[in-house]
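Below is one structure, written out as structure tokens, with a few remarks after it.
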Amino acid sequence: MADRSKAVEIEALLRELPTLTIGTTFNQFRDTGPDDLPDAPAIRLANLRDYLAERREADVVAVGEAAGYQGMRWSGIAFTSEFDLLRWGDPFRRSSRRPRPWKEPSGTIVHGILEELGAERRVILWNTVPIHPHLAGKPLSNRRPTREEIAAGRVLVERLIEIVQPRILLGVGRIACQALPEARYVRHPAQSGATAFRLGMRAALKSVR
């Protein structure tokens, strides 16, 4: 896909995100909570737009499970927390009022290995469900997305894959791989999976050099 056409398709995908209603998830690209800045949804969408623009030459897409309350819920970017945004600097911005930035353990591991391998801009991180599933009445929690939520999110993943045309598609964790049978499995870094994740990512990225 030509660069101009790819940019148009990416923008169309981004513009669709605030319109999504997927099950009982919180749409961080449209909705706000008590700790959000007034323009938080727009900040998060802008973060994702800038993130994808920096990775216009990416040849790997790595798909996780769903937006988490310590990471994408605030940053707009999969496996990425406000702590990461501060490390990256402009044009990325925090969207919360919290005195200390949110920091996601899994995201720290993911970006750590990407930076170690010099692959931060070679890989696009995404989630099967790109908005935040949480427990009822507990917005600062995570829950496993339902089958219906995964199916709805898969449609967006497939659009991203069609646009990017990656050389390799990675499913980070079992849920992502069940949703995307064509993806190469990589262990999720959560729940003592950090070492296996690092080994899996290193092997996957080396396989397409």
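What do you reckon, is residue 39 of a type in the set (D, E, K, R) and loosely packed, with under 15 Cβ neighbours inside 10 Å? Answer is yes for this residue. Taking (1) at positive phi; (2) more than 12 Å from the chain's Cα centre (by Cα); (3) surrounded by 14 or more Cβ atoms within 10 Å (Cβ to Cβ) in turn, residue 89 satisfies each apart from (3). Scanning the range 155-176 for residues that are under 15 Å from the mean Cα position of the chain (by Cα), on the phi < 0 side of the Ramachandran plot and not aliphatic (A, V, I, L, M) turns up 158, 159, 171. When 137, 107, 118 are checked against the criterion of being more than 14 Å from the chain's Cα centre (by Cα), within 16 Å of residue 69 (Cβ to Cβ) and either of a type outside the set (Phe, Trp, Tyr) or surrounded by fewer than 23 Cβ atoms within 10 Å (Cβ to Cβ) (or both), a single residue qualifies: 137.
One line per residue, one yes/no per condition, for (1) touching a residue at least 40 places away in the same chain (Cβ under 8 Å); (2) outside any helix (DSSP H, G or I):
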{"position": "47", "(1), (2)": "yes, no"}
{"position": "51", "(1), (2)": "yes, no"}
{"position": "62", "(1), (2)": "yes, yes"}
{"position": "83", "(1), (2)": "no, no"}
{"position": "91", "(1), (2)": "yes, yes"}
{"position": "98", "(1), (2)": "yes, yes"}
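Only the coordinates and a few stated rules stand behind these numbers; no lab work does. Predicted model only: the values in this text are computed from it and were never measured. Don't worry about glycine lacking a Cβ; one is built from the backbone with ideal geometry, like all the others, and counts go over all protein chains shown.
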